[in-house]
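The values are calculated or read from the model by the stated rules, or taken from the named source; none is laboratory data. Bear in mind the structure is a predicted one, so any value in this text is a computation, not a measurement. Note: ideal-geometry Cβ built from the backbone for every residue, glycine included; neighbour counts use all protein chains shown.
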Amino acid sequence: MRIAVCLKRVPDTTTKILIGADGKSIDESGVKFVPNPYDEYALEEALKLKEAAGSGETVVYCLGGDAAQETIRTALAMGFDRGVLLQAAPTADGFEVAKALAADLKDGGFDLILFGKLAVDDYNHQVGVMVAELLERPCITAVSHLVVAGTAVTAEREIEGGIETVTASLPAVLSCEKGLNTPRLPSLKGIMAAKKKPLELKPVSLGAGSVTVLGLALPPERKPGQIVGEGPDAVPALVRLLREDAGVI
Amino acid sequence: MASYTPPDFYQIEGLLAEEERAVRDTVRAWVEEHLMPVIGSCYVEGRFPRELVPGLADLGVLGANLPEEYGCAGLNNVAYGLIMQELERGDSGIRSFASVQGALVMYPIHAFGSEDQRRHWLPALAAGRVIGCFGLTEPDYGSNPGGMITTARETRDGWVLNGAKMWITNGSQAGVAIVWAKTGDLKDPKSIRGFIVPTDTKGFSARDQKGKLSLRASDTSELVLQDVVLPRDALLPGSGGLKSPLQCLTQARYGIAWGALGAAMACYDEALRYGKQRVMFERPIAQTQIQQVRLADMITEITKAQLLVLQLGRLKDAGTMTPQQVSLAKRNNVDMACDCAREARRLLGANGILAEYHSMRHMANLESVYTYEGTHDMHTLILGEAITGLGAY
């Protein structure tokens with residue numbers, strides 16, 4: 001089985017984000033970057049599927065600047081066979097990213113192309129679905145359980161109030177949801193081996209796109225909490241505040 | 001509370017290579033996920049979490065700076081040091097386990113062992129299938145190991161060992177012990193040789209030392225060797241004289257200098273977060289001058305210690321590190337970690353005495369680290385001799 005995973009380099013979710021001087025991008029100085037957490041489920045699933053099949057190839061794709069090589073090497077350290085970096089400045093228009101990825105994935109002979117269900121930096125939920133469309137392949141999003149038997153893919157999706165089971169045929173494109181698996185840590189031997197694995201650099205040029213970021217703003221600072229008192233005596237004041245100030249009861 | 005935020009006041013991150021950071025981050029994530037949830041109760045119960053050994057071995061932590069051909073990860077010494085830092089950020093007992101396995105059991109087999117011994121033992125030790133211990137210290141010979149009275153008598157077929165060892169980390173868990181014994185006159189430390197002793201050999205016994213108030217999540221044992229008969233090839237052929245076990249201790253002390261730094265970083269992180277959160281007299285206690293002195297002193301000493309071990313590691317990787325440089329780092333970093341742990345505990349007020357917080361556990365652990373692998377005082381004398389040329393032991 002040949003499996004590709006498309007991986008994005010994103011700021012660590014525990015990093016304190018500052019907005020850059022242009023007001024439209026984040027200030028990257030001192031920010032720690034990590035593989036997109038949802039993509040880690042895709043990475044793990046690809047490795048598990050290859051291990052279960054006993055043969056095949058796992059390839060990690062990333063679109064980004066040179067620093068994304070480090071992100072690719074994280075996947076290589078986990079056990080991926082090789083990496084491809086499509087060198088381009090990231091853009092806000094997911095369709096441009098999808099076109100560049102699809103163009104390279106098209107002739108790769110992949111049975112499965114996996115994505116995280118979204119990237120935590122832009123929350124767009126776009127690229128995986130668009131790549132599927134561009135390649136004219138079936139697409140199942142937010143997969144939380146997966147069985148591949150022959151060319152049949154059966155996936156479970158958590159939907160409001162229940163679980164939906166869907167099926168499709170390989171080759172297919174899937175996006176992965178939390179809970180699909182527990183991503184492994186790269187082993188120390190894996191980290192050393194990653195340096196020797198092939199990592200192909202391919203410059204790509206993205207179109208201008210049709211979506212532009214106008215500005216970024218931090219969420220408003222939360223107002224400090226208020227202690228209205230202690231014990232049963234405080235209840236009337238609390239009820240009054242919940243009703244009048246907060247309007248929740 | 002929020003997750004661990006390791007201090008890096010001087011952007012030392014930028015001095016590390018990509019794979020060094022990757023190694024550190026992997027071990028950090030493992031510690032967070034597997035060790036932190038259990039370490040408080042292990043400590044209180046006085047239990048070594050042996051169930052974590054397979055996970056540590058799978059990651060490749062054991063003997064990580066030894067070559068890949070023996071099943072090890074083949075890391076450089078800075079990456080190895082960072083592993084020790086992250087393990088001891090969790091607990092000194094767990095770092096001690098890894099230090100002993102890697103630096104005091106696998107290292108001597110690699111450095112002094114025959115090729116057969118290496119092939120036989122190193123892959124099993126790296127995989128955690130066998131736990132090892134290191135028997136040098138004796139009840140009456142701690143800082144003066146050259147005075148040891150454990151003997152190895154050569155016979156027609158091999159060796160017979162007699163003696164007792166004390167303060168042996170992993171002793172009761174171990175499947176193999178590296179035992180140091182005199183093969184000649186008791187007055188002659190040059191006759192000290194190392195032996196690989198499977199712990200199921202007749203006449204070998206290990207008993208845990210009870211009542212420890214420090215390193216409670218690690219086993220410390222007494223070893224007794226009573227007419228332990230060993231084959232000829234139990235001898236580590238390359239070992240000779242007191243310098244051989246001391247060479248092992250240099251490896252372990254190198255890891256300790258990094259490890260103690262990890263403990264200090266954990267205490268600082270805990271103290272800083274607590275100080276910003278804990279309100280007294282209508283403001284966070286971190287906004288009081290006394291606590292700021294504590295925190296400023298801690299970050300200063302931690303930053304110095306970070307730069308110290310990084311340069312030490314670069315020297316070790318370049319092959320120019322001296323044992324005296326290791327003494328300076330062990331002495332400085334453990335002492336500074338003891339201070340950080342104590343001050344962090346004090347900043348935490350009454351909460352600081354609970355196992356739910358980490359500083360007091362580190363504080364108690366570090367008293368052992370201060371004392372073992374060359375006491376603070378002995379390293380002072382080693383430095384004194386190095387700079388004056390005059391031994392004052």
Among the residues in region A:31-53, are any within 13 Å of chain B (Cβ to nearest Cβ) and of a type in the set (A, V, I, L, M)? yes
Report the residue count in region B:198-245 for those that are under 20 Å from B:Phe48 (Cβ atoms) and either assigned by TED's automatic domain parsing to the domain that holds B:Arg95 or part of a loop (DSSP other than H, G, I, E, B) (or both). 13
Every listed condition ((1) within 17 Å of B:His358 (Cβ to Cβ); (2) buried (at least 24 other Cβ atoms within 10 Å of the Cβ)) holds for B:Gly255 save (1)
Scan region B:207-221 and report the pairs whose first residue is without any contact (Cβ under 8 Å) to a residue 60 or more places away in the chain and whose second residue is hydrophobic (A, V, I, L, M, F, W, C), with Cβ atoms within less than 8 Å and a gap of 6+ or a chain change. B:Arg207/B:Val224; B:Gln209/B:Met166; B:Gln209/B:Trp167; B:Thr220/B:Trp167; B:Thr220/B:Ile168
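Please go through region B:23-68 and give me each residue that is hydroxyl-bearing (Ser, Thr, Tyr) and facing chain A (nearest Cβ under 9 Å), ordered by number.
As a first pass, look at region B:23-68 and keep what is hydroxyl-bearing (Ser, Thr, Tyr): B:26, B:41, B:43.
Residue satisfying the conditions is B:Thr26 alone.
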Determine whether B:Glu154 is farther than 30 Å from B:His379 by Cβ and outside the structural domain of B:Gly194 (by TED's automatic domain parsing). no
Which of the residues belonging to region A:188-219 are within 14 Å of chain B (Cβ to nearest Cβ), in a loop (DSSP other than H, G, I, E, B) and touching a strand residue (DSSP E or B) at 6+ places or on another chain (Cβ under 7 Å)? A:Lys197
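Please determine whether any residue of region B:259-266 is part of a helix (DSSP H, G or I) and surrounded by fewer than 23 Cβ atoms within 10 Å (Cβ to Cβ).
Checked against the condition, which is being part of a helix (DSSP H, G or I) and surrounded by fewer than 23 Cβ atoms within 10 Å (Cβ to Cβ), region B:259-266 yields no hits at all.
For residues in region A:1-20 being within 14 Å of chain B (Cβ to nearest Cβ) and in contact (Cβ under 8 Å) with a residue 60 or more places away in the chain, which is surrounded by the most Cβ atoms within 10 Å (Cβ to Cβ)? Working first, answer last.
Our first condition is that a residue be within 14 Å of chain B (Cβ to nearest Cβ); within region A:1-20, this holds for A:9, A:12-16.
Going one step further and asking which of them are in contact (Cβ under 8 Å) with a residue 60 or more places away in the chain, we end up with A:9, A:13.
On the way: A:Arg9: 23, A:Thr13: 11.
Filtering region A:1-20 for residues that are within 14 Å of chain B (Cβ to nearest Cβ) and in contact (Cβ under 8 Å) with a residue 60 or more places away in the chain, the one surrounded by the most Cβ atoms within 10 Å (Cβ to Cβ) comes out as A:Arg9.
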Given (1) in the same structural domain as B:Gly275 (by TED's automatic domain parsing); (2) in a loop (DSSP other than H, G, I, E, B), where does B:Tyr393 come up short, assuming only one miss? (1)
Checked against (1) within 16 Å of the chain's Cα centre (by Cα); (2) surrounded by fewer than 21 Cβ atoms within 10 Å (Cβ to Cβ); (3) of a type outside the set (Asp, Glu), B:Ile83 satisfies every condition except (2)
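One line per residue, one yes/no per condition, for (1) closer than 26 Å to A:Pro220 by Cα; (2) of a type outside the set (Gly, Ala, Ser):
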| site | (1), (2) |
| --- | --- |
| A:Leu7 | no, yes |
| A:Asp22 | yes, yes |
| A:Asn36 | yes, yes |
| A:Gly56 | no, no |
| A:Glu70 | no, yes |
| A:Ala77 | no, no |
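In region B:69-101, which residues are facing chain A (nearest Cβ under 10 Å) and of a type in the set (Asp, Glu)? Spell out the reasoning first.
Residues of region B:69-101 that are facing chain A (nearest Cβ under 10 Å), as a first pass: B:71-76, B:79-80, B:83.
Scanning region B:69-101 gives no hits.
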Please state which of the following conditions B:Glu20 fails to meet, knowing it meets all the rest: (1) charged (D, E, K, R); (2) within 8 Å of chain A (Cβ to nearest Cβ); (3) crowded, with 16+ Cβ neighbours inside 10 Å. (2)
Checked pairs for region A:232-249, first part of a helix (DSSP H, G or I), second hydrophobic (A, V, I, L, M, F, W, C), C-beta under 7 Å and 6 or more apart or across chains, list as A:Ala234/A:Val228; A:Ala237/A:Val228; A:Leu238/A:Val228; A:Leu241/A:Val228; A:Leu242/A:Val248; A:Leu242/A:Ile249; A:Arg243/A:Ile249
Do you know which residues across region B:1-43 are among the basic types (Lys, Arg) and under 18 Å from B:Cys267 (Cβ atoms)? B:Arg28
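Give region B:92-151 a look and list any residue that's basic (Lys, Arg) and either under 21 Å from B:Phe48 (Cβ atoms) or touching a Cys at 6+ places or on another chain (Cβ under 7 Å) (or both), or say none. Before the answer, list the steps.
As a first pass, look at region B:92-151 and keep what is basic (Lys, Arg): B:95, B:118-119, B:129.
Hits for region B:92-151 are B:Arg95, B:Arg129.
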Which count do you get for residues in region B:1-11 that are surrounded by 14 or more Cβ atoms within 10 Å (Cβ to Cβ) and either among the β-branched types (Val, Ile, Thr) or within 12 Å of chain A (Cβ to nearest Cβ) (or both)? 3
Looking only at residues that are in contact (Cβ under 8 Å) with a residue 60 or more places away in the chain and out of contact with any Ser or Thr (no Cβ under 8 Å at 6 or more places or on another chain) in region A:21-37, which one is farthest from A:Leu146 (Cα to Cα)? A:Gly23
Could you list, in sequence order, all residues of region B:41-97 that are of a type in the set (Lys, Arg) and in a loop (DSSP other than H, G, I, E, B)? B:Arg47
Return the total of residues in region A:60-110 being small (Gly, Ala, Ser) and within 19 Å of A:Ile26 (Cβ to Cβ). 8
Filter result (under 30 Å from B:Met280 (Cα atoms) and either more than 19 Å from the chain's Cα centre (by Cα) or modelled with pLDDT under 95 (or both)) within region B:307-349: B:Arg342, B:Glu343, B:Ala344, B:Arg345, B:Arg346, B:Leu347, B:Leu348, B:Gly349
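Considering only residues that are of a type outside the set (Lys, Arg) and either within 14 Å of chain B (Cβ to nearest Cβ) or under 15 Å from A:Val60 (Cβ atoms) (or both), which ones fall in region A:175-187? Can you show your working first?
Here is the first cut: in region A:175-187, the residues of a type outside the set (Lys, Arg) are A:175-177, A:179-183, A:185-187.
The answer is A:Cys176, A:Thr182, A:Pro183, A:Leu185, A:Pro186, A:Ser187.
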Going through region B:41-94 one residue at a time, which ones are among the acidic types (Asp, Glu) and under 24 Å from A:Gly79 (Cα atoms)? B:Asp58, B:Glu68, B:Glu69, B:Glu86
In region B:94-123, which residues are of a type in the set (Gly, Ala, Ser) and under 20 Å from the mean Cα position of the chain (by Cα)? B:Ser96, B:Ala98, B:Ser99, B:Gly102, B:Ala103, B:Ala111
